[in-house]
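**Student:** Quick one: structure below, then a few questions.
Please treat every number below as a calculation from the coordinates, not as lab data. Please read these numbers as outputs of a predicted model, since none were measured by experiment. No Cβ is skipped: glycine too gets one built from the backbone with ideal geometry, and neighbour counts run over all protein chains shown.
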Amino acid sequence: MTEKHLEEVSKDFELLANVKEVLEQLKERGVRLYLVSGSIMHLIKYIWNDELDYYFDRYEANVFRFKNNELVEIKGTDYDFKGKAVFIKEIFKHLQLKSPKEILFIGNSDNDEYARKSGARTLCLNGALTNPYNKNAWDDTYKTDDFIELMAYIEKKYLIK
């Protein structure tokens, strides 16, 4: 495994249509955005073209460490599976919110199901390795290829202004 290999793998991933435009609008409206992933930080950075610091207030994922272009260490994130609820609780406390329900967590896989234990609202977007209709994990589910459609749905359903 090399950094170059990860960069090549990242070319197989695409962000949903209009994701950056919608995130830009949310930032302008003062919405705080966080990314917590069970993926690999290198992949995420390649996909986002190093714009993570611009769009997200904080982001967490697994880290691969390389030396002389060879993988020498995998540092797993503390914020995967059960750790997602911990991450959300940290955000809740940091922002001094009145209720965890002020947070909307959007996920798509079984490792995201733990987010609900934080008290946040959960939305399964294009569920992959999860049952998006499992009410123990997800408050809601939505399918789309376009972030503008997702944002319209969220604004209507969750009354985000």
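**Student:** So who's got an amide H within less than 5 Å of the one on T144, skipping anything under 5 residues away but keeping other chains? H placed 1.01 Å off N, in plane.
**Tutor:** Under 5 Å from the amide H of T144 lie the amide H atoms of N126, each far enough along the sequence or on another chain.
**Student:** If you place +1 on the Cβ of every Lys and Arg and -1 on the Cβ of every Asp and Glu, how big does the dipole about the Cα centre of the chain come out, in debye to the nearest 20?
**Tutor:** Approximately 880 debye in magnitude.
**Student:** Something else now. Please label the shape of the stretch 44-100 as rounded, prolate or oblate, based on the square roots a ≥ b ≥ c of the eigenvalues of the alpha-carbon gyration tensor (a/c under 1.5 means rounded; beyond that, a/b larger than b/c means prolate, else oblate).
**Tutor:** oblate
**Student:** Hey, what's the Cα Rg ratio for the stretch 70-161 versus the globular rule of thumb, 2.2 N^0.38 Å?
**Tutor:** Its radius of gyration relative to the 2.2 N^0.38 Å reference: 1.18.
**Student:** Taking one equal scatterer on every alpha-carbon of the stretch 112-152, how large is log10 of I(q)/I(0) by Debye at q = 0.19, 0.29, 0.32 1/Å?
**Tutor:** Computed log10 I(q)/I(0) values: -0.54, -0.99, -1.09.
**Student:** In whole angstrom, note down how far apart the Cα centers of the stretch 67-98 and the stretch 102-151 are.
**Tutor:** The two parts, judged by their Cα centres, are 18 Å apart.
**Student:** Restricting to DSSP H runs of at least four residues, report the calculated mean residue ellipticity at 222 nm for the chain, -39500 (n - 2.57) per run over all residues, nearest 500 deg cm²/dmol.
**Tutor:** -10000 deg cm²/dmol
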